[in-house]
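The values are calculated or read from the model by the stated rules, or taken from the named source; none is laboratory data. Everything numeric in this text was worked out from a predicted model, so none of it was measured. Glycine gets a Cβ as well: all are built from the backbone with ideal geometry, and neighbour counts include every protein chain shown. In case anyone asks, the SASA skips ligands and DNA or RNA and just uses the protein heavy atoms, side chains included. Shrake-Rupley method; radii C 1.70, N 1.55, O 1.52, S 1.80 Å.
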Amino acid sequence: PITPGELLCLGSSLAFSGLFYYLYRKKARVMARIQEAPKLQVDDDLPSLVSAADGRCLPYVALEGIVLPAKAALTSHYHEGLQGVIQKLLLKEHRLIWNSLARSW
């Protein structure tokens, strides 16, 4: 005989398994799109490609080319000889609203 507690545990286990499988498949589709992204060279043709695209945006594109740092290249603390640059730093501020009930922003 199965008790109601066991049925509840079985149902919640199946629900969580279904939820996690759905999230896994969703992320797997995104990863597949990223891995299949077209590889473009950074050259003089790139601005014309971007302006010709829908909405002037290229989703999931891998850019290949040489990048020069503005000041100095960033070096990795964990891997010797690995260097990188920051191309663009984006700061997004969210609108703050005063919550009078919690007395916080």
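Every condition in (1) under 22 Å from the mean Cα position of the chain (by Cα); (2) surrounded by 10 or more Cβ atoms within 10 Å (Cβ to Cβ); (3) assigned to a loop (DSSP other than H, G, I, E, B) is met by Lys92 except one, and the failing one is (2).
When Leu40, Leu68, Leu63, Leu91 are screened for being out of contact with any Cys (no Cβ under 9 Å at 6 or more places or on another chain), modelled with pLDDT of 85 or more and of a type in the set (A, V, I, L, M), only Leu40 passes. Taking Val30 as the residue in question, decide whether it is assigned to a helix (DSSP H, G or I) and surrounded by 10 or more Cβ atoms within 10 Å (Cβ to Cβ). Yes: the conditions hold for Val30.
All of (1) open to solvent by 80 Å² or more (accessible area, probe 1.4 Å); (2) farther than 30 Å from Arg29 by Cα hold for Pro69 with one exception: (1). Of the residues making up segment 45-57, just one is at pLDDT below 85 and in a loop (DSSP other than H, G, I, E, B), namely Cys57. Restricting attention to segment 67-78, the residues that are part of a loop (DSSP other than H, G, I, E, B) and either among the acidic types (Asp, Glu) or under 23 Å from the mean Cα position of the chain (by Cα) (or both) total 3. Only one of the numbered conditions (1) touching a Pro at 6+ places or on another chain (Cβ under 9 Å); (2) in a helix (DSSP H, G or I) is violated by Tyr60, and that is (2).
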